[in-house]
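What follows is a set of notes on a single structure, which appears directly below.
The values are calculated or read from the model by the stated rules, or taken from the named source; none is laboratory data. Treat the numbers as computed from the prediction; the structure is a model and nothing was measured. Counting neighbours? That spans all protein chains shown, and the Cβs are built from the backbone with ideal geometry, glycine included. Side chains are part of the model used for accessible areas, which takes the heavy atoms of the whole protein and leaves out ligands, DNA and RNA. Shrake-Rupley method; radii C 1.70, N 1.55, O 1.52, S 1.80 Å.
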Amino acid sequence: MAPSETIAVVDDTEGTRLALRRTLERAGYAVVEGKCGADALRLALDQPSMMVIDVHMPDLLGPEVVNRLKADPETRAIPILQLSASFTEESDRAFGLMSGADAYLTEPVEPELLLATIHALLRSSAAERIAERALQTRDEFLSITSTTSAASCMRCG
């Protein structure tokens, strides 16, 4: 894990934020916190490595926050884990995932499962970034090659 990885934790319950902060900091992550949906939207602009967002917050529900973040080109690539103590049915999880969350866990959650899920999301995100860079490099190469080939043909003709 790179020391530059920052996880934004957004939950309206102070005790939950504290517990998550301790678990994440012990695992070597930097943590920034928010208390509501508006905080989540603001924190996302700083491009954290990922976000852990409570489902039930006082101003915006987690799925609405996720929907907004995934609709914005600036924040759509940020992996999001939704966490809920109140919406724990299978249908709640399905709704959270359909709203755009990359994972959904219910509280109480064992620290090992939380960290394993976070590691998996960060690995997936890193793989996507590498694939995007490879495609971009390929496209640039093909663009240069086709321009060079066209110029060579003009000199020959």
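How many residues are in a helix (DSSP H, G or I) and either surrounded by 13 or more Cβ atoms within 10 Å (Cβ to Cβ) or touching a helix residue (DSSP H, G or I) at 6+ places or on another chain (Cβ under 9 Å) (or both) when one looks only at the stretch 82-103?
6
What's the number of the condition V65 fails, among (1) surrounded by 20 or more Cβ atoms within 10 Å (Cβ to Cβ); (2) at pLDDT 95 or above; (3) not in a helix (DSSP H, G or I)?
(3) is the only condition that V65 fails.
Please determine, by comparing only the residues of the stretch 104-118 that are part of a helix (DSSP H, G or I) and over 14 Å from R26 (Cβ atoms), which one is least open to solvent (accessible area, probe 1.4 Å).
Across the stretch 104-118, the extreme among qualifying residues is T117.
Quick check: anything in the stretch 74-81 in contact with a Pro (Cβ under 7 Å, 6 or more places away or on another chain), at pLDDT 95 or above, assigned to a loop (DSSP other than H, G, I, E, B) and within 21 Å of R17 (Cα to Cα)?
Yes, the conditions are met somewhere in the stretch 74-81.
Kindly list, by first and then second residue, each pair from a residue in the stretch 41-61 that is under 22 Å from A19 (Cβ atoms) to a residue that is among the basic types (K, R) and modelled with pLDDT of 95 or more, limited to pairs with Cβ atoms under 8 Å and residues at least 6 apart or on different chains.
From the stretch 41-61, the pairs are M57/K35.
Can you name every residue in the stretch 13-40 that is in contact (Cβ under 8 Å) with a residue 24 or more places away in the chain and touching a Gly at 6+ places or on another chain (Cβ under 9 Å)?
Hits for the stretch 13-40 are G37, A40.
Quick check, is V52 touching a Lys or Arg at 6+ places or on another chain (Cβ under 6 Å) and among the hydrophobic types (A, V, I, L, M, F, W, C)?
In short, no.
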